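The values are calculated or read from the model by the stated rules, or taken from the named source; none is laboratory data. Computed from a prediction, not measured in an experiment: that's the story for all the values here. Quick reminder, even Gly has a Cβ in these numbers, built from the backbone with ideal geometry, and neighbours come from all protein chains shown. Each accessible area value is taken on the protein alone, full model and side chains, heavy atoms only, with ligands, DNA and RNA left out. Shrake-Rupley method; radii C 1.70, N 1.55, O 1.52, S 1.80 Å.
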Amino acid sequence: MAKQDRAIRTRQAILMAAAQAFEKYGYQAATITEILKSADVTKGALYFHFPSKEDLALGVLDAQEPPQTVPEHSLKLQELIDLGMLFSHRLQTSLLARAGVRLSMDQQAQGLDRSGPFLRWQEATHHLLPHVNPTETADLYVAAFTGTQAVSQTLTNYRDLQRRHITLQQHILPSIAAPSILTALDLTPARAERLSRLDPED
């Protein structure tokens with residue numbers, strides 16, 4: 001058990017060091033040497049857990065999974081809003097989440113399959129859009145949220161992302177939900193704050 005716990009801690013230390021390097025430098029410029037130094041592990045330990053730099057990046061990209069801790073709600077659109085609220089919070093508090101976003105939008109990451117996060121978010125969104133064309137709407141929704149993240153990161157390092165996310169909902173939801181549904185949705189910063197307390201990654 002102690003050996004297994006040590007392996008888990010080593011893997012996490014490597015992931016965090018990789019996230020720090022990828023967020024700071026991007027995929028191409030980040031080096032295994034720097035990651036080894038930051039994680040304080042041997043090359044053998046790193047390659048045991050991650051056989052290549054690409055595998056390291058894919059491990060970091062997995063951190064961009066849609067949050068699993070959003071509470072169930074009778075309105076699926078509220079769950080969709082809550083997903084964005086919780087992930088907006090995570091981008092302010094989680095190095096892994098920020099590095100995952102950095103990698104997914106890194107157009108210089110030659111040879112790295114960056115499609116995973118977008119496909120997972122589209123799938124999660126698809127299941128929460130029962131009353132519209134879910135495929136087209138999920139594709140548009142994820143693209144709009146991705147753009148919102150990029151602008152927020154550039155201008156304020158994600159500090160205004162919750163506000164931008166709420167504004168996005170106010171503009172996009174009227175095109176996919178009936179007025180009676182819209183009035184029942186909670187888009188307030190207070191809900192975002194409550195959801196942030198549910199995040200197990202804090």
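Can you give the accessible area of Asp139, probe radius 1.4 Å, in Å² rounded to 10?
The accessible area comes out at roughly 80 Å².
Taking the alpha carbon gyration tensor of the chain, what are the square roots of 5 times its eigenvalues, largest first, to the nearest whole Å?
After scaling each eigenvalue by five and taking roots: 34, 17, 15 Å.
What percent does the relative contact order of region 31-185 come to when contacts are Cα pairs within less than 8 Å and at least six residues apart?
22
Quick check: the angle from helix 2-29's long axis to the longest principal axis of the chain, C-alpha only, nearest 10 degrees?
Computed tilt is about 70 degrees.
Using a probe of 1.4 angstrom, how much of the accessible area of region 33-186 is carbon and sulfur, in percent?
54
Would you mind calculating the gained length between Ile172 and Leu58 on full extension (0.36 nm times residue separation, minus the Cα-Cα distance), in nm to one decimal?
Contour length minus the Cα-Cα distance gives 38.0 nm.
If you bin every alpha carbon distance in region 1-93 into 10 Å steps from zero, what whole percent lands in each bin?
For region 1-93, the binned pair fractions read 15, 37, 26, 17, 5 percent.
Going from most exposed to least, what order do Ser196, Ser52, Ser180 have by accessible area with a 1.4 Å probe?
Result of the area sort, largest leading: Ser180, Ser52, Ser196.
For the chain, set up a GNM with springs between Cα atoms under 10 Å and report which of Phe22, Phe50, Phe87 has the largest fluctuation.
Highest fluctuation among the options: Phe50.
Considering only lysines 8 or more places apart in sequence, or on different chains, count the pairs in the chain whose C-alpha atoms sit under 26 Å apart.
8
Order Thr137, Thr69 by their accessible area, 1.4 angstrom probe, all chains in place, largest first.
Thr69, Thr137
Need one value: the accessible area of His171 in square angstrom, 1.4 angstrom probe, rounded to the nearest 10.
Number for this one is 140 Å².
May I ask for the angle, rounded to the nearest 10°, between helix 134-156 and the longest principal axis of the chain, with both axes built from Cα atoms and the value confined to 0 to 90°?
Relative to the chain, helix 134-156 is tipped by roughly 60 degrees.
Rank these residues by their accessible area, most exposed first, probe 1.4 Å: Thr188, Thr146.
Thr188, Thr146
Helix 95-104 versus the longest principal axis of the chain: what is the Cα-based angle in degrees, 0 to 90, to the nearest 10?
80
Pop the C-beta distance of Arg120 and Asp160 into the FRET formula with R0 = 35 Å and round what comes out to the nearest 0.05.
0.90
So what does the Cα-only Debye profile of region 93-202 read at q = 0.13, 0.15, 0.17, 0.18 Å⁻¹, as log10 I(q)/I(0), no solvent term?
Taken in order of the listed q values, log10 I(q)/I(0) reads -0.58, -0.78, -1.00, -1.12.
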